[in-house]
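The next block holds one structure in the form of structure tokens; read it before the comments.
A short reminder: the numbers here are calculations on the coordinates, not readings from a lab. Keep in mind the model is a prediction, meaning the values are calculated, not measured. Here the Cβ is made from the backbone with ideal geometry for all residues, glycine too, and neighbour counts use every protein chain on show.
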Amino acid sequence: MNQSTVPNMICPMPVAPTDTITLSHGEGGRVMRRLIRDRIGAKFGDGNVQLHSDAACLGNLVGEVAMTTDSYVVSPLFFPGGDIGSLAVHGTVNDLAMAGARPLFLTLALILEEGLSVETLDSIIDSIASAARQCDVKIVAGDTKVVPKGAADQIFINTTGIGVHQHTRRMSACQIQPNDCLIVSGPLARHGLAVLAARESIALSPPPRSDSAPLHRVATELLQTLGDDLRTMRDATRGGVAAVLHEWAEESEHAMWVDESTLPLLPESRGVCELLGLDPLFVANEGTFVVAVAPDRVDDALTVLRSHAAVGEPSVIGQARRRKLSPVLVARGLGADQPLDEPIAAMLPRIC
């Protein structure tokens with residue numbers, strides 16, 4: 001065969017141990033097996049990932065099963081208050097919790113870019129393992145792929161969460177009634193501002209810290225305490241509180257009214273929003289959620305929210321009203337209610 005006709009093929013097998021991910025780590029052989037066994041599976045314990053089976057056996061689950069799936073592509077991988085690993089666990093657990101389900105199991109799929117440092121991978125896997133223990137969920141199955149350099153941005157993570165519902169009624173904005181109160185569980189805009197500052201190397205003192213945190217325990221207590229008086233709840237991630245309110249307005253066919261003066265903001269968050277001209281209602285959160293409750297149960301809801309220190313100081317920000325024209329209204333400092341536009345696109349992409 002003429003040498004010029006030989007395809008340009010490179011063996012993915014490294015000639016010596018390497019401190020970066022190579023294509024061989026995703027090719028199904030010894031190198032991949034050792035990566036999964038020693039650097040991934042070992043971090044989660046024998047009782048979690050079923051390494052030698054193509055499918056996990058979850059046993060008999062008591063209650064109606066809930067399932068969610070999500071992907072995480074945040075940039076940068078590490079930011080004040082969190083990283084892509086803990087974020088993947090918290091985000092998936094929270095999606096189950098907001099649906100009124102108790103999280104039990106997670107799957108973990110990793111898309112690794114050739115050239116990713118093994119040290120970085122170790123840090124992310126350690127963070128995933130720590131967050132899973134904190135949330136008391138088991139990582140029962142997974143997948144690992146390696147793509148050529150330039151085909152991804154270091155690491156992407158996909159998760160699937162499985163849990164069981166804790167209440168016979170499903171969380172739905174259709175349950176919202178006029179005069180129901182809208183509560184946010186803590187200060188707004190922390191995650192989006194933390195990622196923005198880290199990505200753009202904005203030197204702020206103190207630097208914004210993400211609110212990334214699991215919400216399943218506080219959600220469970222709200223369900224147990226309020227029952228049917230808890231109309232619905234939603235974590236205010238991409239699109240922030242504004243996106244949640246527009247979704248609820250569309251589903252309930254009522255108007256959502258918010259008083260801007262009641263929005264809880266940390267001083268550093270308020271300063272960054274004013275400096276950059278950002279509306280905190282549109283900035284992403286990862287451990288802050290919105291709750292709609294019957295008006296006579298507001299004090300009970302606030303008591304539960306305050307009992308969970310990680311959530312932060314909650315605040316009643318508005319109420320549901322019968323719709324006239326605009327689906328979402330906000331009372332600004334000038335006095336008159338103004339329509340609050342629905343987010344068209346993210347002000348800051350790749351925040352989760």
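List of remarks:
- Each Lys or Arg adds one and each Asp or Glu takes one away; over the other residues whose Cβ falls under 14 Å from the Cβ of V147, this sums to -3.
- Spatial separation of Cα centroids for the range 123-145 and the range 312-341, in angstrom: 39
- Nonlocal amide H pairs with A213, under 5 Å, H built at 1.01 Å: G287
- Hz values of 3J(HN,Hα) by residue in the range 322-331 - Karplus curve (6.51, -1.76, 1.60), Gly and Pro given as x: 5, 7, 10, 10, 7, x, 9, 10, 9, 8
- Helix 118-135 axis, angle to the chain major axis (alpha carbon atoms, nearest 10°): 40
- Ranked by the mean number of other Cβ atoms within 10 Å per residue, highest first, peptides 62-68, 277-283, 346-352 order as 277-283, 346-352, 62-68.
- Three-way shape call for the range 243-352 based on the alpha-carbon gyration tensor, with the a/c threshold at 1.5: rounded
- Helix 240-252 axis, angle to the chain major axis (alpha carbon atoms, nearest 10°): 70
- Looking at the chain, the DSSP beta bridges with both ends there are about 75 percent antiparallel.
- Per-selection metrics, the chain (Cα): Rg and Dmax in Å: 22.5, 84
- Placing +1 on each Lys and Arg Cβ and -1 on each Asp and Glu Cβ, with no other charges, gives the chain a dipole about its Cα centre of roughly 480 debye.
- Length-normalised contact order for the range 173-339 - Cα pairs under 8 Å, 6+ apart - percent: 42
- Ellipticity estimate at 222 nm from DSSP helix runs (n ≥ 4, -39,500 (n - 2.57)) divided over the chain, nearest 500: -8000 deg cm²/dmol
- Among 186-198, 120-132, 258-270, sorting by the average number of other beta carbon atoms lying within 10 angstrom of each residue, highest first, gives 186-198, 120-132, 258-270.
- Tensor-based shape of the range 173-339 (alpha-carbon gyration tensor, a/c under 1.5 rounded, otherwise prolate or oblate): oblate
- Between helix 216-226 and the chain there is an angle of about 30 degrees, using the helix long axis and the longest principal axis of the Cα atoms.
- Residue-count net charge about G115 - beta-carbon cut-off 12 Å; Lys, Arg +1, Asp, Glu -1: -3
- Using a cutoff of 8 angstrom between alpha carbon atoms and counting only pairs six or more residues apart, the relative contact order for the chain works out to 21 percent.
- Among residues other than L329 with Cβ under 14 Å from its Cβ, the summed charge is 0 (Lys and Arg +1, Asp and Glu -1).
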